[in-house]
1. List every residue pair whose Cβ atoms sit under 8 Å apart, with the two residues 6 or more apart in sequence or on different chains, where the first one lies in segment 23-37 and is free of Cβ contacts under 8 Å to residues at least 60 places away in the same chain and the second, anywhere, is of a type in the set (Gly, Ala, Ser).
2. Only one of (1) farther than 30 Å from Ile154 by Cα; (2) at pLDDT 95 or above; (3) aromatic (Phe, Trp, Tyr) fails for Trp238. Which number is that?
3. Being acidic (Asp, Glu), part of a loop (DSSP other than H, G, I, E, B) and modelled with pLDDT under 95 is the requirement here; does Glu102 meet it?
4. Name the residue that is nearest to Tyr196 (Cα to Cα), counting only residues in segment 109-139 that are acidic (Asp, Glu) and part of a helix (DSSP H, G or I).
5. When you go through (1) surrounded by fewer than 19 Cβ atoms within 10 Å (Cβ to Cβ); (2) closer than 17 Å to Ala130 by Cβ one by one for Cys39, which number turns out not to apply?
6. Considering (1) in a helix (DSSP H, G or I); (2) under 13 Å from the mean Cα position of the chain (by Cα); (3) buried (at least 18 other Cβ atoms within 10 Å of the Cβ), say which one Leu156 fails and leave the rest.
7. Quick check on segment 37-57. Is at least one of its residues under 30 Å from Val262 (Cβ atoms), in a loop (DSSP other than H, G, I, E, B) and at pLDDT 90 or above?
8. Among the residues of segment 119-136, write down those that are more than 13 Å from the chain's Cα centre (by Cα) and at pLDDT below 95.
Amino acid sequence: MILYFFCIVFILGAAIGSFINCLVWRLYHGESLMSRSHCPNCLEKISWYDNIPVLSYIILNAKCRHCRKPISSQYYWLEVVSGLLFVLVLVLNLQGKPANLEQIIWAVNFDWHWFLTLIRDWVLVSTLMAIFLGDLKWFVVFDVVCLTGAGAMIILNLALGMPWWSIALGALVGAGIFIIQSLASKGAWVGGGDIYIGFLMGVAVGWPNILVALFGGYILGAIWGLILVARGKKKLDWKRIFKKGDPSDVEIAEAGLPFGTVLALGTFIALYWGQNIISWYLGRIL
């Protein structure tokens, strides 16, 4: 029974992943979010039975039914990862909860704080996936995604009883650190999208977890950069990257460091393990 329940959550997550694929594609190409899905090659409308998350990709053998052009594996893998992440978020939120399915359903029906926390975490993870995909694929951060997600986080966190000052201070630190970097470098070190991500991070995890999210993002970014250099795939020309003025999209892409992706990962870490990391650190220095 518990496996059946997890399968339902996986399907929900995969459906959200399918929506994120569509959302990011349309935002980048300036297409309407209200029109039906279509093949980017032949522009034929996609029928509902060809738009089933995960399954349709397999059934169609990764090709469009109409023009037989290959379908990017990105769609399949994001749906799978999204489904798995939704299950992971559920498992993390079930820590200390009953393992019996009926008792879990009872908790959903009566423990509204737990249920609202689960919804908040799913919304945040979905927002982070959209940021991750856009920045990884095109080095673009969509302001509307960050601000919509931030608005949802403020409402849900206030409903969950997070102190308003924690949300406000988290937002101030999260956005402020990128504003300072942007002003100091005249826009060369960070882009405007990073400021929006920082704001989202702050209102999502609050103070002091925002420190863990930022630190985790920078550490992961440094590791990513070192791996790229070690493998010889990228040569980081810091003079070029950090020159005065706004770097072009090509220059940013050549750096090989889509910073929004690691900030998204840092936020996920802070959401679930931020307090433990802070307690561990304070225990080491005090």
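The values are calculated or read from the model by the stated rules, or taken from the named source; none is laboratory data. Since the model is a prediction, treat every value here as computed from it, not as a measurement. Every residue, glycine as well, gets a Cβ built from its backbone with ideal geometry; the counts of neighbours run over all protein chains shown.
1. Note: pairs meeting the criteria are Arg26/Ser32.
2. Of everything listed in (1) farther than 30 Å from Ile154 by Cα; (2) at pLDDT 95 or above; (3) aromatic (Phe, Trp, Tyr), Trp238 misses just condition (2).
3. Spelling it out, it is not the case that Glu102 is acidic (Asp, Glu), part of a loop (DSSP other than H, G, I, E, B) and modelled with pLDDT under 95.
4. The extreme case among them is Asp135.
5. Failed condition: (2).
6. The failed condition is (2).
7. yes
8. none
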